[in-house]
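The values are calculated or read from the model by the stated rules, or taken from the named source; none is laboratory data. Bear in mind the structure is a predicted one, so any value in this text is a computation, not a measurement. Here Cβ is always computed from backbone atoms with ideal geometry, including for glycine, and neighbour counts include all displayed protein chains. Note: areas computed on protein heavy atoms with side chains; ligands, DNA, RNA excluded. Shrake-Rupley method; radii C 1.70, N 1.55, O 1.52, S 1.80 Å.
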Amino acid sequence: EIRLSLVGSEMCIRDRYEIIRRLASGGMGDIFLARQVGVAGFSRLVVLKSLRADIVERDDFFVQFLNEARTAATLNHPNVVAVYEIDEDRGMYFIAMEYIDGSDIGAVQRAAQSAKQKIPFRFSAGVIHDAALGLHHAHTVKDDQERINPIIHRDVSPQNVMVRLDGIAKVVDFGIAAAADRIDPFRGRLQGKLRYMSPEQLTGASLTGAADQFALGVVLWELMTQTRLFKGEDANEVLREISACLLYTSPS
């Protein structure tokens, strides 16, 4: 259970993050909307992603949590969610990141389907354009020695592309991103959302930015058609459908 202290009537972490409400709960921890406060009336909304105390004891998940913070912190682009810091408060580890006032693409799709309305082409094109710019930045980011050290997201999906109310889209959740200079505690295991994985990701091949581009293409298809690209009713059928793409992507 998350450990919070009471300061007046507010729940706080490190005496500088006032918890407003819980946004989501998952297997690894909780996500909170909070207000960062500081001197001279400084205040801004942030998202806190916490790691459950029992998960901290598991080296694989703890390394993944740290990797997410370190990886995202190296990225500085208007179409990638900003990470402000990683910290610890009485045994609770958390990542403080940019709050995006908007919705993920998955929620937009569900709302359109519920209202039986089409998603405008201009909106879909703008979202994919922004996400592609953010991913390109990750794929071409440089290290301290000015050498390109590509970061592959590996989980591009409607849930991980957020759109602000002003229409700007941002890529979020680099929790399973792969980078050359990061330890991957889940190497060899299939990660990500199956219906958006590239053929090479399924086969365990070395990944490049093309894997993220494939996934973003699937997202674009689904935005434009409001149907799934890979329609298999179970995992095996979806695997076969994605594997068939190798016939069109392999060199002749």
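Every condition in (1) surrounded by 19 or more Cβ atoms within 10 Å (Cβ to Cβ); (2) among the charged types (D, E, K, R); (3) at pLDDT below 70 holds for ASP54 except the one numbered (1).
Cβ-Cβ contacts under 8 Å between residues 6 or more apart (or on different chains), taken from a first residue in the range 99-118 that is basic (Lys, Arg) to a second residue that is assigned to a helix (DSSP H, G or I), are listed as LYS118/ALA112.
When the range 140-175 is filtered for residues that are in contact with a Pro (Cβ under 9 Å, 6 or more places away or on another chain), modelled with pLDDT of 95 or more and open to solvent by less than 40 Å² (accessible area, probe 1.4 Å), only LYS170 remains. Can LEU33 be described as open to solvent by less than 30 Å² (accessible area, probe 1.4 Å) and either at pLDDT 90 or above or in contact with a Phe, Trp or Tyr (Cβ under 7 Å, 6 or more places away or on another chain) (or both)? Answer is yes for this residue.
From the set of residues in the range 74-130 that are in a strand (DSSP E or B) and of a type in the set (Asp, Glu), which is nearest to SER157 (Cα to Cα)? Selected residue: ASP104.
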